[in-house]
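To start, the structure itself, in structure tokens.
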Amino acid sequence: MKSNIGKTDKAIRIILGIIIAAAGIYFKSWWGLVALIPLITAFTGFCPLYKIIGLSSSSAEANAN
């Protein structure tokens, strides 16, 4: 899997994941588990949805096109 997530996108995903997890804990809701999606994609550097629609925010990938 090639990385298709850039630095800015990765930072946004991590911040969003933390906010979603905190809201899930605060409201005592299992919806906080949704935070795993942006966190996993940020730490792996790969987004399956980006792959499907042919999008990339990675500078190395963008320069290759």
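Ordered from largest to smallest accessible area (heavy atoms of protein chains, 1.4 Å probe), the residues SER59, SER29 come out as SER59, SER29.
Counting lysine pairs in the chain that sit 8 or more residues apart in sequence, or on different chains, and whose Cα atoms lie under 18 Å apart gives 4. Dividing the helix sum by the residues of the chain, where each DSSP H run of 4 or more adds -39500 (n - 2.57), gives a mean residue ellipticity at 222 nm of -18500 deg cm²/dmol.
Surface composition of the chain: carbon and sulfur make up 72 percent of the accessible area, probe 1.4 Å.
The mean accessible area for residues of segment 15-54, using a 1.4 Å probe and ignoring ligands and nucleic acids, is 79 Å² per residue.
Calculated FRET efficiency, PHE46 to ILE19, Cβ-Cβ distance, R0 = 25 Å: about 0.70 to the nearest 0.05. Candidates (1) 4, 20, 25, 20, 13, 10, 6, 2, 1; (2) 4, 17, 28, 24, 16, 7, 3, 1; (3) 3, 16, 25, 27, 20, 7, 1; which is the computed P(r) over Cα pairs in 5 Å bins from 0, in percent? The value matching this structure is (1).
The values are calculated or read from the model by the stated rules, or taken from the named source; none is laboratory data. Computed from a prediction, not measured in an experiment: that's the story for all the values here. FYI the Cβ positions are ideal-geometry reconstructions off the backbone, even for glycines, and counts take in every protein chain you see. Keep in mind that these areas ignore ligands, DNA and RNA; they rest on the heavy atoms of the full protein, side chains included. Shrake-Rupley method; radii C 1.70, N 1.55, O 1.52, S 1.80 Å.
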